[in-house]
Structures are given as structure tokens and as C-alpha cells.
Amino acid sequence: MSLGDAFLYEERVASCRRQLQAGCIIYLYCHFTTPPKDKYLLVASTNPRPLCLVINSEIRDFILRRPHLHSCQVPLQKADYNFFDHDSYVDCLDAITDFNHDDIEKQLVADMRRIKGIINFVTRADIVKAVTAAQTIPLREKTWILNEMQQSVG
């Protein structure tokens, strides 16, 4: 049980809504993986709907062999993000659209420890650069991501 879980339900909802913003790392149960499992995700946009980028512990060989894809993998160092067990990578090639606000809120309010933290300024700038370079994200979604992620980059 986390400290956040000791608060009233309404207070947890309000806290979740305040923290759920572009740049927030969350840990959600994901049905889109095979098999379904808990995954770290980076919230890339919340408006008009949530878009998330998957965080992986390794980069697939297919991506490693293709520089234009590899450049869209942003490293997250364990030293900068102490909730990771090891260095990880944000995959900026695909925006996950599988969750709506209620799906995310339900998981986070049930266990506030699933809200992990906010990426730092350098990582945010690297994400903006990688998403900009990604040719695999539809323009509409890319625009939403860049609008929200750049608000804090300047």
C-alpha cells in the first residue's frame, strides 16, 4: 500500500488527474502485449485522448539494424529514473491509443504507485526530436504529442 492509497477515493482521482500529463511515466496493465502484462508507458499526450509511448528494456534487433528506426528509441537511464530496475528505452515509433482516460484513471486510482514520475527536461527534448523524426506516427497524433511535449521544452 502506498501513501496515496490512504487518501479518500475522490482525493486519489483529483491527484491522478493533476499528475496525468505529457511526460508522466505510468505502469499499466496492457492488453496489447502478447501475453498481456504490466508495462511502463510514457504519457505523450492527453488531449483530445491519451496517447502513450511504450517503454522497453531492450531494443529489438530489427530496429537496431535500421538507423532511421533506431533514432526513434530514446534511452532512459536507471540513474535518472530510480523506479526502473535497469536502463530502458522509449519507443517513439508508435503511439498507443488503446487506453481512454477512464481506463488509465481506473488503474492509477486503484494503485497510486502506478504513477512513477515525470521525465526530465533533457529526455523530454529527446522525445520531441524522436517523435518529430518518426515516420510511423500518423500526422494528427504526432501533432498532438508534439504540442503537449513541447510546452515544457520551449
Give the stretch 112-152 a look and list any residue that's in a loop (DSSP other than H, G, I, E, B) and surrounded by fewer than 15 Cβ atoms within 10 Å (Cβ to Cβ), or say none. Asn120, Gln135, Thr136, Pro138, Gln151
If we take the stretch 13-111, then helices (runs of 4 or more DSSP H) inside it with 2 or more residues that are out of contact with any Cys (no Cβ under 9 Å at 6 or more places or on another chain) and either in contact (Cβ under 8 Å) with a residue 24 or more places away in the chain or surrounded by 15 or more Cβ atoms within 10 Å (Cβ to Cβ) (or both) are 67-70, 101-110
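No value in this document is a laboratory result; all are computed from the given coordinates. From a predicted model like this one, the values you see are computed outputs, not experimental measurements. Neighbour counts run over all protein chains shown; Cβ positions are idealised from the backbone, glycine included.
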